[in-house]
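**Q** Below you will find the structure I want to go over with you.
The values are calculated or read from the model by the stated rules, or taken from the named source; none is laboratory data. For clarity, every value in this text was computed on a predicted model and none was experimentally measured. Please note: Cβ atoms are built from the backbone with ideal geometry, for glycine as well, and neighbour counts cover all protein chains shown. Keep in mind that these areas ignore ligands, DNA and RNA; they rest on the heavy atoms of the full protein, side chains included. Shrake-Rupley method; radii C 1.70, N 1.55, O 1.52, S 1.80 Å.
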Amino acid sequence: MQFLAGPGWGLSTARPLLFVAACIAYFTAALLLLIARRLHWSSLRIVALVNASVDAIAIGFILYAAGGVDSGLAILLVLPVLALTVLGDQRDGLLIASVAALAILVQQVFLGVTDSVPNAQYVTAGLFGIVLFIVPLLMWPLATRLRESEALVRRQEIDLANMAQLSQYIVQHLRESILVVDAQDRIRLINESAALVLGDQNAFPDALIGEASPRLLYLLESWRRRDADAGPSPASEHSFVAADGARTIRPHFAPLGASQPPPVLIFLEDTTLLEEKVQQSKLAALGRLSASIAHEIRNPVGAMSHAGQLLAESPNLSEEEQRLTEIIRSNAGRVSDIINNVQRLSRRERAQRERISLPAWIEDFHEEFCETMQWPRERLRMEIMEVEARVDPNQLRQIVWNLCENAIKHAIGDDAAQVIELRCGRLGGSARPYLEVADRGAGVALEHVERIFEPFFSGGRGSGLGLFLARELAQSNGATLLFEARPGGGSIFRLVFADPRRWENL
């Protein structure tokens with residue numbers, strides 16, 4: 001009886017039902033093994049042994065149904081032997097070769113019992129059995145090299161994964177703030193420090209840098225357009241205020257790769273930390289200076305001032321002589337103020353911080369300042385909202401008093417220009433409270449912006465220590481004093497207090 005006989009098939013058998021049943025059973029077993037692979041097997045070796053054994057037994061039944069080794073299907077037994085030699089070890093390959101050879105001999109014996117088969121088929125079956133043992137012996141050196149190559153690749157994958165994790169950890173935990181921006185101005189990489197500078201809500205991978213910081217995008221575009229031969233611009237033109245409003249950040253740009261335009265690596269330098277170190281060294285020098293000469297200067301200056309006062313009381317002085325004595329007295333008073341400020345810096349006490357209501361404090365300060373300085377109350381305006389800060393009230397009074405006195409000294413123009421504004425609130429996108437003093441005075445020249453907080457730097461009025469002292473007192477309270485040019489003319493000095501969420505650590 002012919003089964004699957006026809007052009008191009010060449011396969012015949014006297015047991016078609018057994019052949020079909022063996023194929024169906026083999027297919028079902030294969031599906032079950034695929035499903036079983038999802039289970040947690042103890043080792044890959046057991047999985048390979050089970051699969052190869054099922055293959056050998058199933059092919060043995062199919063070979064028997066197809067009429068023995070003359071059907072040509074015995075060559076299929078080479079596949080499980082070859083697979084197990086590669087996936088397992090040499091012993092496993094020889095084991096499956098034994099099972100496969102046994103399957104060939106058993107089915108051939110059954111054929112000899114049930115059907116009359118030529119003796120030549122026994123010889124062929126024996127030769128197939130020998131071939132099945134030769135395959136693992138010949139393939140073992142190649143299988144060993146394949147396993148060694150696979151182990152090497154896996155070690156390299158693990159090393160690469162570890163290196164990637166290490167690099168990611170190092171980048172994320174660097175104290176320096178870095179980010180990478182591509183040619184489309186999208187953030188490709190950013191560490192935690194840079195995200196805090198730009199704001200966690202807007203600074204994340206794949207975000208537009210313009211949404212996180214429009215000012216940083218402007219500086220990046222300016223850097224891209226800048227001619228390589230052009231001289232450097234003033235440092236103040238290349239900085240911006242951090243998202244928390246308490247730090248001044250200066251970016252540094254470096255191209256990555258040779259593409260045009262290339263991705264850009266951006267380092268965000270916190271100039272506040274550098275300025276604090278510089279200011280501390282200057283403060284130490286001032287302390288040593290004040291300890292050595294302040295007392296020696298105070299006595300002669302006091303004598304000159306007293307002599308000027310006595311001279312001014314003389315009834316025979318002309319108007320010109322009165323003017324000269326006034327110059328003596330005013331300059332002696334200025335030198336005395338410098339000495340007082342220097343000594344105040346040298347013996348500055350630790351801040352005694354406490355929680356205060358800024359609106360209530362501003363109202364009390366407004367009353368005291370206007371009464372003491374004889375300044376019209378309508379020219380010291382208040383724009384306040386309910387907010388609390390943790391600060392030393394006495395040192396806060398000294399800071400704001402210095403800022404308001406500075407605004408009065410630099411007031412120009414008519415009455416409207418001489419209005420000073422006191423404001424308090426919370427920074428947008430931040431929980432940090434602030435208090436600022438705004439005026440419509442002459443402002444600060446661009447080339448002087450970086451120096452206004454340096455000791456003894458003065459625009460021709462005052463001792464040059466008021467702003468320096470104000471910033472030092474602010475830092476001792478965990479706050480930051482920032483300058484900002486006021487749109488339309490004038491200045492804004494903003495005092496940004498510590499984040500209320502960090503009060504317990506201060």
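**Q** Could I get the Rg over Rh figure for region 76-119? Both from C-alpha atoms, Rh via Kirkwood, rounded to two places. List each step's numbers first, then the result.
**A** Working: Rg = 13.3 Å, Rh = 11.4 Å.
Answer for region 76-119: 1.17.
**Q** Taking the highest mean first, how do the peptides 48-56, 252-260, 468-476 order by number of other beta carbon atoms within 10 angstrom per residue?
**A** Details: 48-56: 20.3, 252-260: 11.0, 468-476: 21.9.
Ranking, from highest mean packing down: 468-476, 48-56, 252-260.
**Q** Next question. Report, in cubic angstrom per residue, the convex hull volume of the C-alpha atoms of region 98-220. Kindly include the intermediate steps, with their values, before the conclusion.
**A** Details: hull volume 27.0 nm³, N = 123.
Once divided by residue count, the hull of region 98-220 is 219 Å³.
**Q** Over region 122-243, what percent of the accessible surface lies on carbon and sulfur atoms, probe 1.4 Å?
**A** 61 percent
**Q** May I pose another question? Name the trypsin sites (Lys or Arg not before Pro) in region 176-224 that are in a loop by DSSP and that have at most 12 other C-beta atoms within 10 Å, would you? Provide the component values of the computation, followed by the final result.
**A** Values: sites: R186, R188, R215, R224; in loops: none.
Of the trypsin sites (Lys or Arg not before Pro), not one in the loops of region 176-224 has a Cβ with at most 12 other Cβ atoms within 10 Å.
**Q** Quick check: residue separation of A183 and Q352 times 0.36 nm, minus the Cα distance between them. What number comes out in nm? Before the final figure, lay out each step's value.
**A** Working: separation 169, 0.36 × 169 = 60.84 nm, distance 5.02 nm.
Extending this stretch completely gives an extra 55.8 nm.
**Q** Here's something else I'd like to know. Order the peptides 302-315, 392-405 from the highest to the lowest mean number of other Cβ atoms within 10 Å of their residues. All intermediate terms of the calculation are to be shown ahead of the outcome.
**A** Working: 302-315: 12.9, 392-405: 19.5.
Per-residue mean Cβ counts within 10 Å order the peptides as 392-405, 302-315.
**Q** What's the extension gain from Q309 to D364 if we count 0.36 nm per residue and subtract their Cα-Cα distance? Mind showing how you got there, number by number?
**A** Working: separation 55, 0.36 × 55 = 19.80 nm, distance 3.48 nm.
Length difference between fully extended and current span is 16.3 nm.
**Q** Still on this structure, please answer the following. What is the sum of charges, Lys and Arg at +1 and Asp and Glu at -1, for the other residues whose Cβ falls under 12 Å from the Cβ of L317?
**A** Working: positive: R323; negative: E313, E319, E320, E321, E326.
In short, -4.
**Q** Could I ask something else about it? Report in % the part of the accessible area of region 351-446 that belongs to carbon and sulfur, leaving out ligands and nucleic acids; probe 1.4 Å.
**A** On the way: 2020 of 4610 Å².
Of the solvent-accessible surface of region 351-446, carbon and sulfur hold 44 percent.
**Q** Calculate, in nm to one decimal, what S259 and N162 gain on full extension: separation in residues at 0.36 nm each, minus their alpha carbon distance.
**A** Once the chain is fully extended between S259 and N162, it gains 32.0 nm.
**Q** Probe 1.4 Å, all protein chains in place: accessible area of Y64 in Å², nearest 10?
**A** 40 Å²
**Q** Quick one: which of 156-169, 196-209, 367-380, 81-94 comes out on top by average Cβ neighbours within 10 Å, and what's the full order, highest first? Please list the in-between numbers first.
**A** Details: 156-169: 10.1, 196-209: 16.6, 367-380: 13.1, 81-94: 20.1.
So the order, starting with the most tightly packed, is 81-94, 196-209, 367-380, 156-169.
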